[in-house]
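Enquirer: Pasting in a structure now, in structure tokens, and then I'll have a few things to ask.
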There are 2 protein chains.
Amino acid sequence: MNPFQPFIKQADEQHLWEKTLTLNRNDFLKIGETTDTNVYYVVGGCLRIFVLDEVEEHTIRFGYQGNIIAALDSFLTGKPSDLYIQALRKTELKIISKPTFNTLVAASIENRVYWQQTLEALVVQQMERELDLLISSPIERYLRVMKRSPHLFQEVPHKYIASYLRMTPETLSRVKKS
Amino acid sequence: MNPFQPFIKQADEQHLWEKTLTLNRNDFLKIGETTDTNVYYVVGGCLRIFVLDEVEEHTIRFGYQGNIIAALDSFLTGKPSDLYIQALRKTELKIISKPTFNTLVAASIENRVYWQQTLEALVVQQMERELDLLISSPIERYLRVMKRSPHLFQEVPHKYIASYLRMTPETLSRVKKS
């Protein structure tokens, strides 16, 4: 269940999407050390969020049709963040800005409660992700993500799923067969 | 800044703490596969939260004087969670139950906004922790945590900080000297 669903529905009904944007494969929506406080709805296509360290890229999140994607840390703090967001194929997005989103959240007690529930779901998702990263067994990590996001494997090129799972593409192939 | 501060203050003023609890060194407040929806205020002492996988323990959070500590996933979902919470020395806690906490949150629009801000801070903290876990360099991981939680090194035995930083105690000693 997408925790943003009540806001997507209201943004549709009240025509709050301010812009649309089309990205080609490999285009960047955001690069490191920049601020991006928009919320994006993925009309079609597929994106990944990643971070860079001195040694390599780490894919940390995906967005595909029907998802919301955002540089969540930058959205919440209003400050620059280290996240990169890149289209993995041609991708169409609808955009709502943070001020418009905040106005929507503050529009009713009901919406404040929805936002509270959205944030609670995001905290729980982040805690699951933290456990993912700590689990030593590649098979365990694969099974947890399969259970949580079964569609992922249809939507996203496997080399990025391997990065998300902290294993090589070869290990992912082996784990899938086992 | 403790994101729970407004609620600690109000719980004090309105006498909402329902119980106190004293733990001895190494006592468990929670073990794996149990539900615990309480919120705990640390009056004194020190605790850690950890998870177990097949291979080892992973320390994921600490609480010491003036902090709130909770099995956050279990608190938010009302379901069992894999977290263990253990006292690292004699520890005194004040307890507020989830129903009482929820009543406090719902008591005013102002409190709903505080809770929204608390959850937003928790999401940002979780994202920082996710990046901590992905960074390859032990020195980088150490510096990020030192910057974020300088008091940690006074409060918590270093072998648990090493676990939190995903390095051996020997590596932590070396990194601190460098």
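Enquirer: What are the nm distances, shortest first, from B:Val113 to its equivalents in the other copies, labels at 7 Å along Cα→Cβ?
Expert: Listed shortest first, these distances are 2.0 nm.
Enquirer: Ok, one more. Check which residues have an amide H placed less than 5 Å from A:Thr34's amide H, if you skip close sequence neighbours.
Expert: Correct list: A:Ser81.
Enquirer: For the protein assembly as shown, give the magnitude of the charge dipole about the Cα centre (Cβ charges: +1 Lys/Arg, -1 Asp/Glu; no others), in debye to the nearest 20.
Expert: My answer is approximately 380 debye.
Enquirer: Ok, one more. If we hang a label 7 Å off Cα along the beta carbon direction at A:Arg25, how far is it from the matching labels on the other copies, in nm, shortest first?
Expert: 6.2
Enquirer: Anyone know which of B:Glu54, B:Glu155, B:Glu92 comes out most mobile in the 10 Å Cα GNM of chain B?
Expert: Highest fluctuation among the options: B:Glu54.
Enquirer: Out of residues 5 or more away from B:Asp53 or on other chains, whose amide H comes under 5 Å of its own, with H placed 1.01 Å from N in the peptide plane?
Expert: B:His58
Enquirer: Continuing with this model, one more query. To the nearest 20 debye, what charge dipole does the range B:1-88 have about its Cα centre, counting +1 at the Cβ of each Lys and Arg and -1 at the Cβ of each Asp and Glu?
Expert: It works out to roughly 340 debye.
Enquirer: 7 Å along Cα→Cβ for the label point: how many nanometres lie between B:Gly66 and each equivalent label in the other copies, listed shortest first?
Expert: Between copies, matching label points for B:Gly66 lie 4.7 nm apart.
Enquirer: Calculate for chain A the 222 nm mean residue ellipticity that helices alone would give, adding -39,500 (n - 2.57) per DSSP H run of length 4 or more and normalising by residue count, nearest 500 deg cm²/dmol.
Expert: -13000 deg cm²/dmol
Enquirer: Please go through the residue pairs B:Lys30/B:Lys159; B:Lys94/B:Lys147; B:Lys30/B:Lys90; A:Lys30/A:Lys79; B:Lys30/B:Lys94 and name each one whose alpha carbons sit more than 18 Å apart in this structure.
Expert: Among B:Lys30/B:Lys159; B:Lys94/B:Lys147; B:Lys30/B:Lys90; A:Lys30/A:Lys79; B:Lys30/B:Lys94, the Cα-Cα distance tops 18 Å for B:Lys30/B:Lys159; B:Lys94/B:Lys147.
Enquirer: Give the residue from A:Leu104, A:Leu29, A:Ala87 lying farthest towards the positive end of the charge dipole for the range A:5-108; charges sit on Cβ (+1 for Lys and Arg, -1 for Asp and Glu) and the dipole is referred to the Cα centre.
Expert: Projecting each Cα onto the dipole axis, the largest value belongs to A:Leu104.
Enquirer: Let me ask you something else. Starting at the first residue of the range A:50-60, write each ³J(HN,Hα) from the Karplus equation 6.51 cos²θ - 1.76 cosθ + 1.60 with θ = phi - 60°, in whole Hz, x for Gly and Pro.
Expert: Rounded to whole hertz, the list is 9, 10, 10, 10, 4, 9, 7, 8, 10, 6, 10.
Enquirer: In whole angstrom, how long is each semi-axis of the equivalent ellipsoid of the range B:5-108, when you take the square root of 5 times every eigenvalue of its Cα gyration tensor and sort them from largest down?
Expert: 24, 17, 10
Enquirer: Taking amide H positions as placed 1.01 Å from N in the peptide plane, with prolines and chain starts having none, which residues 5 or more places from B:Leu165, or on another chain, fall under 5 Å of its amide H?
Expert: It is none; the list stays empty.
Enquirer: Suppose every Lys and Arg Cβ carries +1 and every Asp and Glu Cβ carries -1, with no other charges. What dipole size does the range A:57-178 come out with about its Cα centre, to the nearest 20 debye?
Expert: Taking the Cα centre of the range A:57-178 as origin, the dipole is about 380 debye.
Enquirer: Got a sec to turn the phi values of the range B:25-37 into Karplus ³J(HN,Hα) couplings, 6.51 cos²θ - 1.76 cosθ + 1.60 with θ = phi - 60°, whole Hz, x for Gly and Pro?
Expert: Couplings: 3, 6, 5, 9, 7, 8, 10, x, 6, 10, 9, 9, 9 Hz.
Only the coordinates and a few stated rules stand behind these numbers; no lab work does. This is a predicted model, so every value here is computed, not measured. Heads up, the Cβs are rebuilt from the backbone with ideal geometry, glycines too, and the neighbour counts pull from every protein chain shown.
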